[in-house]
1. Using modelled amide H (1.01 Å from N, peptide plane; none on Pro or chain starts), what sits under 5 Å from the amide H of Val8, excluding residues fewer than 5 places away?
2. Tabulate in residue order the Karplus-calculated ³J(HN,Hα) for the range 103-113, using 6.51 cos²θ - 1.76 cosθ + 1.60 with θ = phi - 60°, rounded to whole Hz; enter x for Gly and Pro.
3. Given an 8 Å cut-off on Cα distances and at least 6 residues of separation, report the relative contact order of the chain as a percent.
4. What is the range 276-347 by shape, rounded, prolate or oblate, if you read a ≥ b ≥ c off the alpha carbon gyration tensor as root eigenvalues and call it rounded for a/c under 1.5, prolate for a/b larger than b/c, and oblate otherwise?
5. Which of the peptides 7-14, 88-95, 161-168, 272-279 is most tightly packed, and how do the rest follow, judged by the mean count of other Cβ atoms within 10 Å per residue?
6. Helix 128-142 against the longest principal axis of the chain: what's the angle in degrees, Cα atoms only, rounded to the nearest 10?
7. Can you give me the angle between helix 421-431 and the longest principal axis of the chain, using Cα atoms only, in degrees from 0 to 90, rounded to the nearest 10?
8. Which cross-chain or sequence-distant (5 or more) residues have an amide H under 5 Å from the amide H of His336, H modelled 1.01 Å from N in plane?
Amino acid sequence: MRSRPVVVVGSGIAGLWAAIKLKPLPVIVLAGASAGGQSSSAWAQGGIAAALGPDDSAEQHAADTIAAGAGLVDAEVAREMTEAAPAQVRALEALGVAFEHDRHGNWVLSREAAHGRARVARVNGDQAGQAIVQGLITAARRASHIEIREGWFGAGLLQDAHGRCNGAIGRDRHGRLHDIDARAVVLATGGLGGLYAVSTNPPGNQGHALAWAWQMGARIQDAEFVQFHPTAIDTGRAPAPLATEALRGEGAILVDRAGRRFMPAVHADAELAPRDIVARAVHRQIQAGAGAFLDTRAAIGNEFPQRFPAVFKACRSAGIDPRAERIPIAPAVHYHMGGIAAKLDGSTCIGGLFAIGEVACTGVHGANRLASNSLLEALVMAEQAGAGITATSQDSTAGNATTAPRSTHRCTSVALPEAAMPALRAAMSKHAGVERDAAGLALLLAEIDRLQHRHGAADALVAARLIAASALQREESRGAHFRLDFPQTRPDAAHTLLQQDPGTTVGRARHLDPQTA
């Protein structure tokens, strides 16, 4: 009899790499509409941060990661991740991912905001994410231990009488639900940008897995830290096309409508300041009516189509020629630093449940993710999760059992009707955006209550409530979380931890003491 599989929910970089690394265990990947199709990974332009240059080191990379994270980065996790980084890039290159090298064989590396060195390995300028996803899809399809179920979506989790996750619920292409018994479930579902009106993420990324894990009793950490990319191309499109940070690394500048630079007066590193600082500066320029534009004409000029083809295509499709015109920009939701509390191997406080990539919170990003550390974290977590689950299964008789323990609880996905999404997105963007305050967050929670009363505890509402509740609890400004009513940063840095209070309505939280949780 075939042994119980590991179920991986999601087919971006984290999910595919984990599936590959789980060999020889049987793996079922719930890939959504198509493998890699609804993944933010494939849209990533910058690349992977790694100390590959002769003037760089894992220690320097970790130091930059810690500095960007505004006091909340777990230094040990940062060091472990940055030490593993070069090997991850080389492993992908061995699979056929064509990272850039010069004619001497040296790495071609980009410098991005808050990095002290050029250390971002890239593919064809701005196409790293797509190239990596395609390489992993090819490798996964060739692997005999992996079954990729395209047209299947994750629809919840199964829990046994001991509180352990022992399976997932899948929805097939015909809309039918299936309970899938599993020795472990790996959530690799990405972020929650679809909760906002302006985002660079696929609209279906609405924090579904965050809600399932919450129902199961998992801890949610630092949910208030939502990163806004400062240079989304502002042409009214949804999702918003991205103008990669590598453009600023090459010397592009931010200017107002009159052509005046505004970042030198905001931060010593000007356009290469940490993302939260640049995003707030751009937001305030727009709020003040001065406008915000990315000027690449002097830095990139006529080389734009060859050096950054994806951004060039996005600009031209909107009628903008970046070789001759400035690009209108605005902040857009790009990445969630918070998520399901997990270790670097993806393990959570729920046995059998693993979370990797953007859906997880390891503490490595703190309050403000360092550019191009997202793909890196996804790769490192996926490899460690694969190794950990495999080792545990080999050591444990129970892990190899062919008979699954009976599930006693179903943490089932509840979709918010599409007609209700605009109201939620508008409220999230207005009250839990680049800048927040208590009055606005209270209005947001009231709107979530209204929508929940009408539509039930939908996944999107649970995820939105976690962000709002965490943001209301953090009475300070730190990294990507800026409170207009509490603009100062507290001297004592602490994580926000939420866990569902047994016996209360889904979506209500109790706050945990970070020192004892």
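1. Close amide H contacts, sequence-distant or interchain: Ile28, Val29, Leu30, Val186.
2. Using θ = phi - 60°, the values come out as 5, 9, x, 7, 4, 9, 10, 9, 9, 10, 4 Hz.
3. Result for the chain is 21 percent.
4. Because a/c hits 1.5 or more and a/b fails to exceed b/c, the range 276-347 counts as oblate.
5. Top to bottom by mean Cβ count within 10 Å: 7-14, 272-279, 161-168, 88-95.
6. 30 degrees
7. It works out to around 60 degrees.
8. Here Leu192, Gln227 satisfy the definition.
The values are calculated or read from the model by the stated rules, or taken from the named source; none is laboratory data. Quick caveat: nothing in here was measured; it's all calculated off a predicted structure. Every residue, glycine as well, gets a Cβ built from its backbone with ideal geometry; the counts of neighbours run over all protein chains shown. Each accessible area value is taken on the protein alone, full model and side chains, heavy atoms only, with ligands, DNA and RNA left out. Shrake-Rupley method; radii C 1.70, N 1.55, O 1.52, S 1.80 Å.
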